[in-house]
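One structure is given here, and the rest of the page talks about it.
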Amino acid sequence: MIKRLNKLPEGFLNCPAEDLHRIIPDSTLISLEGKRKQPLFLSVLLHGNEPTGLVVAQNILKQYQESELPRAILLFIGNVKAASKGLRRLQDQPDYNRIWLEGKLANESEIHHDIAELLHEMARLSLFASIDIHNNTGINPHYGCVNKLDPQFLNLSRLFSRTMIYFVQPGGVQSKAFSHLCPAVTLECGKVGDEFGIQLATHFVDQV
Ligand SMILES: [Zn+2]
């Protein structure tokens, strides 16, 4: 079972990715209420060495610390264990952005099973949108990735960047799984520590 929380744990807002394991030992879904009830699914740290998503989530939550969130958020914190070591994944773990599967592969490991269960549960909710935030290793423009050529998806991605990538392979990618549930996008926010990427993504999530 993916761990669940209904409020932010003490110290979350200022905790760097490598120390997060001290307050959140493993993958966790944090449900936060907001003015509009249809939740935004936000996933960060699927890759432990890509901290921009966590910083963006912290920026947004700090911004609304003294007021109600404009919309409910389901914040999924991915590979906390790999983040503690500054790695994409640990040697004995699968890639956390290839495990979003239902069906026959869903029983391959405990995390596959937990994610399949989570996807089932998410399918019963009416999600507003899904955003999964990553960094890349090379010098690239900031861009969004979509897995459906649907105007809702393209408009969502265009709010982040005019540069977009459309792909359908590999399977098991978060945004692909969520593309069956709601408009979904993966943000590629440049290299780790790219301040402009953090600003763009924070502004984007706030707009959504
Ligand atoms: Zn990544």
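Can you pull out the chymotrypsin sites (Phe, Trp or Tyr not before Pro) in segment 143-208 that DSSP calls coil and that have at most 16 other Cβ atoms within 10 Å?
Within segment 143-208, the qualifying chymotrypsin sites (Phe, Trp or Tyr not before Pro) (loop, at most 16 other Cβ atoms within 10 Å) are PHE167.
Show me 30-40, 92-102 ranked by packing, highest mean number of other Cβ atoms within 10 Å first. Don't skip to the end; give the middle numbers.
Values: 30-40: 15.7, 92-102: 17.9.
Order by mean packing, descending: 92-102, 30-40.
Within 10 Å of each candidate Cβ there may be at most 14 other Cβ atoms; applying that plus a DSSP loop requirement, which trypsin sites (Lys or Arg not before Pro) in segment 129-169 survive?
Working: sites: LYS148, ARG158, ARG162; in loops: LYS148, ARG162.
Those satisfying the criteria are ARG162.
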May I have the extent of the alpha carbons of the chain along their three principal axes, as whole Å values ordered from largest to smallest? 40, 37, 37
Cross-link reach from LYS148 to lysines, straight Cα distance under 19 Å and at least 8 residues apart if same chain, gives LYS176
For the pair GLN152 and ASN140, the simple spin-label estimate (label points 7 Å beyond Cα toward Cβ) gives in nm 2.6 nm
Give the long-range amide H neighbours of ARG71: residues separated by 5 or more places, or on another chain, with amide H under 5 Å away, using H modelled in the peptide plane at 1.01 Å from N. LYS35, ARG36
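Classify segment 1-119 from the C-alpha gyration tensor, please: rounded if a/c falls under 1.5, else prolate or oblate depending on whether a/b exceeds b/c.
Working: a/c = 2.27, a/b = 1.35, b/c = 1.68.
Oblate, since a/c reaches 1.5 and b/c is not below a/b.
Å³ per residue of the Cα convex hull, for segment 92-136? Walk me through the intermediate numbers first.
Values: hull volume 3.5 nm³, N = 45.
Taking the convex hull of the Cα positions in segment 92-136, it is 78 Å³ per residue.
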In the structure shown, do any of LYS3/LYS35; LYS3/LYS37; LYS3/LYS62; LYS35/LYS62; LYS35/LYS191 have a Cα-Cα gap over 26 Å, and if so which? LYS35/LYS191
Output wanted: per-residue J couplings in Hz (rounded whole) for segment 8-23, from phi through Karplus 6.51 cos²θ - 1.76 cosθ + 1.60, θ = phi - 60°, x for Gly and Pro. 6, x, 3, x, 4, 5, 10, 8, x, 3, 5, 9, 4, 4, 6, 10
For ALA129, enumerate residues with amide H under 5 Å from its amide H, sequence gap 5+ or separate chain, H modeled in the peptide plane. PHE41
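Values in this text are rule-based calculations from the coordinates and carry no lab data. Not measured: the values here are computed from a predicted model. Using ideal geometry, Cβ is built from the backbone for each residue, glycine included, and neighbour counts are taken over all protein chains shown.
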